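Contents: one structure, followed by commentary.
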Amino acid sequence: MTDKNLRLEGIYPQRQKEFFMQRVKLPAGIISADQALKVAQLAGRYARGVVHLTTRGSIELHWLTEPDLPVVAAQLAQVGLYNRGACGGAVRGVICGSLGAAGAPALEALVRKIHRHFTGNPRFEKLPKKFKIGVEADTSSKRHLIQDLAFVPAPSDEGRRYDVYAAGGLGREPVPGFLLAQGVAEEAILPLIERVLVEYEANTPPPKRLKFLVGQIGQEEFRRRVLGEELEELPLPAPTLTGSLVPVPAAAEDRLEAHVFAGELAADGLAALADIAARFCGGMLMVTGDQTVVLHLVQGSVREEARKALAQAGFADESAAERVVFRVCPGNHECIMGLAATRDVAAAVVAELGGEALQLTWAISGCPNCCAQPQLAQAGIVASRLVADQAGRAPRFDLYRAGDGPFAEPVQQGLNLTELLDAVKKI
Ligand code: SF4
């Protein structure tokens, strides 16, 4: 299989040449207990007993050899996990960070509708680069600003309507998404996404994102091209489940969260969470954009029993350091692009943080691609370059802090590790 085709199947070559990563594409981060158990079994057998939770609510299996790939893909497919478009120039996994919010079932159903329409759709598998879509209950997380297209419910008396944000993205040149349209009817969303994709594919040189096209032609011209004529209804895709897959928690305490440091979850831990989900949480788990696993209780009466099971599984989260939100990409542990050992740096940073700093949201990316979304954290770290020193080539880090703008900005740049640790100690 060519490199391009591998990517379309959700597979990237790993930094360590003979190994590969398989990304498992989960719409809205939702995975059933049976599926999670299968992923845990595959991780135990093929992926050194660990899975990586991504900041887009997907799961990655690293350390697969070439002969493992078809076996793993077939076993994932047996439990309904298809990874087409999880990497490469396609519509990636659709995220939804709001499944605990009011109206969550409608958001969930919209995510599934988009996922079903574009996953494996050959019309949209040769895009100039990845295309990211998100559905959020509101704009508080700012995640709507980093998608190629994002949908946020708008107040309406006439059916479900959404405000649409377009052309956001992070990476070396972060651009916040702009408000493309207000109050778009849900029925018009698939045609709108199609028009945007057609426009993007026809007019953008690879490997540029949609933000490049909009930067070239301007927001108004882009709006005219994709909204110019009335949006027609497309034939509906295969019937979409309209009920909620994930129980909607009756009370805040009915939401359980397993914090997973640096997104590295042991296969045993995932299997234990699958078991808790099956027993108490309607058989469903959610991988969140903060690389945690969330479970919603079906009945509040089992709260204590479920919490005890969570603690027994190793997710007691007793200290602030265990609970800290710290998004971490694989960095040079596994990623070809990585400039720094992100998990090690994150652990060293957490060891330096005082009580207040542990309350902040943190993120570290192993290169300027910014997969861990450091610009959305209250304190972010980016390994920005390598420089020669006595030990060979060592990373330099930029420290970001959130301010008044849409994204956190660098406040200190070019720090070595010692300088970085000194800087975070003062936060
Ligand atoms: S930010 Fe860079 S190092 Fe980290 S996962 Fe993305 S590409 Fe790899």
Output yes when any residue across the range 403-423 is more than 20 Å from the chain's Cα centre (by Cα), touching a residue at least 12 places away in the same chain (Cβ under 8 Å) and crowded, with 23+ Cβ neighbours inside 10 Å, and no when none is.
yes
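Quick grid of which residues meet (1) closer than 14 Å to GLY93 by Cβ; (2) in the same structural domain as VAL135 (by TED's automatic domain parsing); (3) surrounded by 24 or more Cβ atoms within 10 Å (Cβ to Cβ):
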| position | (1), (2), (3) |
| --- | --- |
| ILE11 | no, no, yes |
| GLN16 | no, no, no |
| PHE19 | no, no, no |
| ILE30 | yes, no, no |
| ALA43 | no, no, yes |
| TYR46 | no, no, no |
LEU270 - would you say it is outside any helix (DSSP H, G or I), touching a residue at least 24 places away in the same chain (Cβ under 8 Å) and either within 12 Å of the ligand (Cβ to nearest atom) or closer than 22 Å to LYS25 by Cα (or both)?
no
Exactly one of PHE397, PHE326 is modelled with pLDDT of 95 or more and within 29 Å of ALA33 (Cα to Cα), and that one is PHE326
Among the numbered criteria (1) on the phi > 0 side of the Ramachandran plot; (2) in contact with a strand residue (DSSP E or B) (Cβ under 6 Å, 6 or more places away or on another chain); (3) buried (at least 18 other Cβ atoms within 10 Å of the Cβ), which one does CYS370 miss?
(2)
Of (1) without any contact (Cβ under 8 Å) to a residue 24 or more places away in the chain; (2) more than 25 Å from LEU61 (Cβ to Cβ), ASP344 satisfies all except one. Which?
(2)
Among the residues in the range 333-340, are any among the acidic types (Asp, Glu) and surrounded by fewer than 18 Cβ atoms within 10 Å (Cβ to Cβ)?
no
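So how many residues does the range 281-306 have that are under 17 Å from GLN35 (Cβ atoms) and out of contact with any Phe, Trp or Tyr (no Cβ under 8 Å at 6 or more places or on another chain)?
11
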Of everything in the range 301-328, what is within 16 Å of the ligand (Cβ to nearest atom) and either touching a helix residue (DSSP H, G or I) at 6+ places or on another chain (Cβ under 6 Å) or free of Cβ contacts under 8 Å to residues at least 12 places away in the same chain (or both)? Give them in sequence order.
PHE326, VAL328
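The values are calculated or read from the model by the stated rules, or taken from the named source; none is laboratory data. None of the values given here were measured: they were computed from a predicted structure. Positions of Cβ are generated from backbone atoms using ideal geometry, with glycine treated the same way; all protein chains shown enter the neighbour counts.
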